[in-house]
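Here the structure is laid out as structure tokens; the discussion comes afterwards.
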Amino acid sequence: SDTDNITNDTVPRITGSAEAGSVVQLFQTGEQEQDSQLVGETTADDTGNWQIATNNLADGTYNFSASATDIAGNTNNSSTMLELTVDTTQPTINFTTSIDTEPLAEGARLTGNLDGSGSDISAISYRFNDGAEIAVTFNDTGAFDQEFDLTGVSDGDYTLTVTITDTAGNISTTTYNITIAGSSEIT
């Protein structure tokens with residue numbers, strides 16, 4: 001995302017704009033300026049847009065800078081450093097109630113917390129079989145406690161799918177074989 005600079009792409013493309021026809025160089029900068037390494041070079045298109053793919057990056061935080069040299073040989077170094085975080089860690093969840101050992105009935109709750117590894121969690125949802133996704137509300141610490149929505153779900157065996165998405169775009173999906181017994185649905 002260009003809004004939070006967090007990605008699960010290990011070879012992200014850095015984009016920017018410069019004077020049309022300028023030669024743009026992208027540098028990965030280290031702690032010291034002399035530690036900068038050239039990542040790639042390209043020419044800005046007719047509208048000034050450019051993009052350069054990075055090298056393969058492991059999980060972590062990286063700093064990038066760019067310079068553009070126009071047709072006349074004038075060089076403009078970017079004064080703004082781009083800080084980019086690569087996160088490929090799959091989000092995980094810890095349930096504090098058992099959801100697949102006893103039948104679920106009206107009033108059953110989905111409770112637990114997020115493990116805190118990797119990026120912040122942006123969404124949690126669940127669904128029964130191929131039904132609609134139902135969002136789960138969680139607080140700032142990643143804890144959640146929500147009654148299952150059994151609207152339109154009859155008693156019987158189902159696959160419960162829980163999906164977690166983090167801000168880097170990593171998606172973790174876990175399925176459980178469950179039984180619903182005592183729902184208020186009339187069959």
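For region 51-61, check the following and say yes or no: at least one residue is farther than 26 Å from S119 by Cα and aliphatic (A, V, I, L, M). Scanning region 51-61 turns up no residue that is farther than 26 Å from S119 by Cα and aliphatic (A, V, I, L, M).
Among the residues of region 74-94, those identified as more than 19 Å from T3 (Cα to Cα), in contact (Cβ under 8 Å) with a residue 40 or more places away in the chain and open to solvent by 70 Å² or more (accessible area, probe 1.4 Å) are N76, Q90. Residue count for region 116-162 satisfying the condition of being of a type in the set (A, V, I, L, M, F, W, C), in a loop (DSSP other than H, G, I, E, B) and crowded, with 17+ Cβ neighbours inside 10 Å: 5. Restricting attention to region 11-24, the residues that are of a type in the set (S, T, N, Q) and more than 16 Å from L82 (Cα to Cα) add up to 1. For region 70-86, a tally of residues being within 10 Å of V23 (Cα to Cα) and either in contact with a strand residue (DSSP E or B) (Cβ under 6 Å, 6 or more places away or on another chain) or among the aromatic types (F, W, Y) (or both) returns 1. Within region 99-115, the set of residues being more than 18 Å from D155 (Cα to Cα) and either modelled with pLDDT under 85 or open to solvent by 50 Å² or more (accessible area, probe 1.4 Å) (or both) comprises N113, L114, D115.
The values are calculated or read from the model by the stated rules, or taken from the named source; none is laboratory data. Being a predicted model, the structure only gives us computed values, none of them experimental. Don't worry about glycine lacking a Cβ; one is built from the backbone with ideal geometry, like all the others, and counts go over all protein chains shown. Please note that ligands, DNA and RNA were not included when accessible areas were found on the heavy atoms of the full protein model with its side chains. Shrake-Rupley method; radii C 1.70, N 1.55, O 1.52, S 1.80 Å.
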